[in-house]
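The values are calculated or read from the model by the stated rules, or taken from the named source; none is laboratory data. A quick note: this is a predicted structure, and the numbers were derived from the prediction, not measured. Glycine also receives a Cβ, built like all others from the backbone with ideal geometry; neighbour counts cover every protein chain displayed. Just so you know, the surface numbers come from the protein's heavy atoms only, side chains and all, with ligands and any DNA or RNA stripped out. Shrake-Rupley method; radii C 1.70, N 1.55, O 1.52, S 1.80 Å.
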Amino acid sequence: MSIEISAMQRAYDLAVAAGQVGEVPVGAVLLDPVSGEIVSEGANAPIALCDPTAHAEIIALRAAARIRQNYRLPGLHLYVTLEPCAMCAGAISQARISRLIFAAEDKKGGAVINGPRYFQQNTCHSAPDIQQDLNFAPKSAALLRAFFKSRRR
């Protein structure tokens, strides 16, 4: 299994775990593509942490910044199971992440290929290379649909 598939699989596993405790099932992994090392990871936790900013991406970015002792994280690749929102896109830009790979798109709350398309704005200081992981997109989307369907009963 390639390191890219392993990173997205880990993000998916984190999303599943988040959903099992009642959080919106989103997971994120920051990978150093040179070493193949997972630097940090995160799962949605705004309910558990009583923090509206505790999205998977933000948790992973904060952890990596602490580990690297730097708020800039150039060269790292972020794997996330759902298209980042505007808040997370802003944080990704500020951290100088070099590559963003996301699975499911988010037509309502996404800010990468939907909504404000943050990285295409003149006010964006640093845009990562962007790729959608079409292999994990259906699984991630199905996980989210099942989670929200179970909440509507």
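Heavy atoms only, probe 1.4 angstrom, no DNA, RNA or ligands counted: give me V16, V29, V34 ranked by accessible area, highest first.
Per-residue accessible area, sorted high to low, gives V34, V16, V29.
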Item to check | Of H55, H125, H77, the one that fluctuates the most in a GNM where the chain has Cα springs shorter than 10 Å | outcome: H125
Next on the checklist: Need the C-alpha centroid separation for the stretch 68-103 versus the stretch 124-139, integer Å.
Outcome noted: 10 Å
Checklist outcome for this item: Checked the chain with the C-alpha gyration tensor, a ≥ b ≥ c its square-rooted eigenvalues, rounded below a/c of 1.5, otherwise prolate if a/b is larger than b/c and oblate if not; verdict rounded
Item to check | Estimated [θ] at 222 nm from DSSP helical runs (n ≥ 4, -39500 (n - 2.57)) normalised by residues in the chain, nearest 500 | outcome: -12000 deg cm²/dmol
Checklist entry - Name the chymotrypsin sites (Phe, Trp or Tyr not before Pro) in the stretch 1-82 that are in a loop by DSSP and that have at most 14 other C-beta atoms within 10 Å, would you? => result Y71
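Can you tell me how the stretch 1-76 classifies by the Cα gyration tensor, rounded, prolate or oblate, using a/c under 1.5 as the rounded cut?
oblate
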Checklist entry - Which of P52, P128, P25 moves most in a GNM of the chain, Cα contacts under 10 Å? => result P52
Checklist outcome for this item: Going residue by residue through the stretch 35-47, the Karplus relation 6.51 cos²θ - 1.76 cosθ + 1.60 with θ = phi - 60° gives ³J(HN,Hα) values, rounded to whole Hz and with x marking Gly or Pro, of 8, x, 7, 7, 7, 7, 8, x, 9, 3, 8, x, 6
Item to check | Heavy-atom surface of the stretch 9-70, accessible at 1.4 Å and reported per residue (Å²) | outcome: 46 Å²
Checklist entry - Around L82, which amide H atoms from residues at least 5 apart in sequence, or from another chain, sit under 5 Å from its own amide H, with H modelled in the peptide plane? => result G27, A103, A104
Item to check | the chain: antiparallel DSSP beta bridges as a percent of all, rounded to 5 | outcome: 55 percent
Next on the checklist: If DNA, RNA and ligands are ignored and the probe is 1.4 Å, what is the ranking of V39, V24 by accessible area, most exposed first?
Outcome noted: V24, V39
Checklist entry - Share of the chain's accessible area from carbon and sulfur, percent, 1.4 Å? => result 54 percent
